[in-house]
Structure formats: C-alpha cells, structure tokens
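As structure tokens, the structure follows; a few thoughts come after it.
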Amino acid sequence: MRESALPRLPRRKRDAHKGDFGRVFIVAGSRGMTGAAALAGMGALRSGAGLVYLAVPASCWSVVASLEPGYLTVPLAEDGEGRVSDSAWTVLDDWAARVDVAAIGPGLGQSDSVRQFVRECYQRWSTPLVVDADALNALSHVPARLSRHAGPRVLTPHPGEFRRLLGGADCDREMAIEFARRHDVVLVLKGHQTLVTDGERAYGNTTGNPGMATGGTGDVLTGVIAALLGQGLAPFEAAQLGVWVHGRAGDLQAARVGEISLTARDLVEGLPQAWLELPSA
C-alpha cells in the first residue's frame, strides 16, 4: 500500500489541548517485566496520545515512572509475586469509565488472578480495548468467551499466541479472517507482512524487518494502536496505520543501527521520523 492510501490522523487545530488527543489507559507490567509497561506507554506518547496512564502493580510503579516522565502511573493491588491481583478490579473498572481507550497485557505475567480480571475487562468494558501478550494468554483459556465483549476489540497476537487462541490449531490467513469475523474483533496477526483484518477487510503490511524480532517491540505496537484509537480512528484503521508506522520506525532505525542491534527502545525513538513521513488529513 502506498503511504498516500493509508488512513490519516486529522490535522491538529492550533488551539488544541491534551484532552483532544485521547486519554489512554494501559494495564501492564509485573515484577521483572516493568519494561513492557514502559515501552507500551512510550509508544502511545510517541504516537500522539494526549494523556497516558500506566496501571501497574504497586511495587513496580516507581520503576515504571522513572523510565519516562511523560506518562502517569496508577498503582494497583498485587499478589505476592508482584502481579496485578483481581482485587484491583474496582480501581480498573473506575478508570476504564474515565478514559477514551484502554490496552491490556504487556508484561502482566500469568496467574489465576490475572486471568480473572483480564476476562472481566475484556467482556465488560465498553471502552475500545487493545489486547496483547499475557492478556491474550489469559483469554486462550476461555476461547468460547471471545465473542462476548461490550465494545471494540483489537487483538494483537504473534503466531504462537494465535495458535493458543485457536486451541493449538495451525493458523493461516483464512483462519485469521474467519476468527475476526466470528468474534467481531480486529485481529493483528504479527509477523512478516503483519495481517490486519476485521473479518471483511484484510491488509498485509509492507514495512518492518527481521531486526524487530526482539523483546518489547510488540509492547510498543500496543501503545501505538491505543494512541490512534484515542485520537478517533476506527479500530481497523488504527491497527492498519499502527502496524505501518511501527514497521517504518523499525526500518528507519535498522538503517541507522543495523538489524542485529535493533531494540524496542530504538523503535520508540524512530517513531517521530516515521510520523513525519505521513501527512495529516
């Protein structure tokens, strides 16, 4: 797809304020995986979100806050292993009603509590929700519930996570399209030429490179897509534009540091140049 055919963000008014560009709420992180939360938050900030809130286990908030001053942190109740506890549900539910878009999953870890509150968020929130990483793993235990959701959903699995959602079956393009149609979601199947589909439309991405096959790059993408939803793009268009600019940032940074040395933080730093290549509407 040519750059000119991609969805566009609206041009910003000169008298705009941060509330005009979306309040993004990201539930992420656990002890030992604070970087996943931070990278998702950075991806959202570098993709135009007006306000970004990172909801993380209470013992992690100071680490996450120290990595980027531009987002805000929300401490959550946690279990003995430093993972969000299901007792945090009331706080999460309250925040979901106050923001424009939410994302859940990067670095959450896996436990019965995580699985419980992820299912509650997925099924009950009317807020647009990007679902990634450990949140996808939590949902793979209850595949029959994937169609039960109260608002727009964007799922961003890599092939292994998608196989788990399918109950272990091999995945291909047609299965991905049918999955999106059956569950009324936008599916972003990550990998070479990442596929974005809503069950009717399908887009194969043309940007990105093997250097992006490293930890944390998917967390950045979660933040990017959430930011675009918060700025008013529809789910399919937000996912389509998100994967293009994410991959383009990776290409620009690979040209600078090489594919071998490319890191997820490099992607964050490459996003501004990638956005400069795209005109506003």
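List of remarks:
- Checked against (1) closer than 17 Å to residue 275 by Cα; (2) touching a residue at least 60 places away in the same chain (Cβ under 8 Å), residue 5 passes all but condition (2).
- Each residue in region 141-162 was checked for being part of a loop (DSSP other than H, G, I, E, B), surrounded by 14 or more Cβ atoms within 10 Å (Cβ to Cβ) and modelled with pLDDT of 95 or more, and 7 pass.
- Counted as qualifying within region 163-265 are the helices (runs of 4 or more DSSP H) with 2 or more residues that are within 14 Å of the chain's Cα centre (by Cα), namely 217-230, 235-257.
- Screening the candidates 90, 73 for the property of being over 16 Å from the mean Cα position of the chain (by Cα) and under 16 Å from residue 40 (Cα atoms) yields one hit, 73.
- Test: residue 235 is touching a residue at least 40 places away in the same chain (Cβ under 8 Å), surrounded by fewer than 24 Cβ atoms within 10 Å (Cβ to Cβ), farther than 24 Å from residue 25 by Cα and not charged (D, E, K, R): no
The values are calculated or read from the model by the stated rules, or taken from the named source; none is laboratory data. Keep in mind that what you see is a predicted model, and the values were worked out from it rather than measured. Don't worry about glycine lacking a Cβ; one is built from the backbone with ideal geometry, like all the others, and counts go over all protein chains shown.
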